[in-house]
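Before any comments, here is the structure.
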Amino acid sequence: MAGRRISDAVFVCWVEEWTTAEELINNLKVYTWKTECEHAALELRGANRRAIVRGGTHGIRFKLRVSGLIHPLGYQEQYASINIEGQPIRIDKLIMHTHPQPTGPSEGDFEMLDILDQDVSIIYEINGPIEGTEFKRRSES
Ligand SMILES: [Zn+2]
């Protein structure tokens, strides 16, 4: 069995615009089952594009970049990105991702919602609930 690894996100393929959510879930599960690695479907900035990326057995690490914007509280805005064909592209949304085993959402999963300023996402786990496991951003206030 592969070791416990959180690996940098690697681009796998684009998602055709006519691909349904059901097909997307099935594709991610097949990739996950074959490789034993986590896979995610992402919505990327610009042109309404979706992509599938692969991580490690226990997580997907996204590159954090600092935008030119300075937040009113003084810190620089950070965003997650993925390199595709040598170009860093900003991630707007974690549509869904898979786990090769049923473990529930990880710390990294919650962090990703914070970074993306996203309220909710869903995990499909091999041998987990068929309807997926929804997880929500922890309230900060
Ligand atoms: Zn996860």
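The values are calculated or read from the model by the stated rules, or taken from the named source; none is laboratory data. Just so it is clear, the model here is predicted, and its values are computed rather than measured. Cβ: placed from backbone, ideal geometry, glycine included. Neighbour counts: every protein chain shown.
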| Only one of (1) buried (at least 20 other Cβ atoms within 10 Å of the Cβ); (2) more than 20 Å from P105 (Cβ to Cβ) is not met by N27, so which one is it? | (1)
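Out of the residues in segment 8-24 meeting the condition of being of a type outside the set (A, V, I, L, M) and over 25 Å from L64 (Cα atoms), tell me which one is surrounded by the fewest Cβ atoms within 10 Å (Cβ to Cβ).
Here the residue is W18.
Does at least one position in segment 72-79 carry a residue that is crowded, with 17+ Cβ neighbours inside 10 Å and at pLDDT 95 or above? Spell out how you get there, then give the answer.
Residues of segment 72-79 that are crowded, with 17+ Cβ neighbours inside 10 Å, as a first pass: 79.
Restricting the remaining residues to those that are at pLDDT 95 or above gives none.
There is no residue in segment 72-79 that is crowded, with 17+ Cβ neighbours inside 10 Å and at pLDDT 95 or above.
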| field | segment 3-31: number of residues that are under 20 Å from G59 (Cα atoms), at pLDDT 95 or above and not in a strand (DSSP E or B) | value | 9
| message | Under 7 Å between Cβ atoms, which residue pairs at least 6 apart in sequence (or on different chains) link something in segment 50-63 that is under 15 Å from I123 (Cβ atoms) and within 13 Å of the ligand (Cβ to nearest atom) with a partner that is basic (K, R) and not in a strand (DSSP E or B)? | response | T57/R4; T57/R5; H58/R4; H58/R5
| Is it the case that segment 95-116 has a residue that's modelled with pLDDT under 95 and more than 16 Å from the ligand (Cβ to nearest atom)? | no
| message | If a residue counts only when it is closer than 24 Å to N26 by Cβ, which strands (runs of 3 or more DSSP E) contained entirely in segment 45-134 have at least 1 such residues? | response | 49-54, 59-61, 76-84, 87-99, 120-125
| query | Among all residue pairs at least 6 apart or on different chains, which show Cβ distances below 6 Å where the first residue, located in segment 113-141, is within 19 Å of H58 (Cα to Cα) and the second is assigned to a loop (DSSP other than H, G, I, E, B)? | reply | L113/R137; I122/G132; Y124/G132; E125/P102; I126/P100; N127/P102; G128/P102; F135/P105
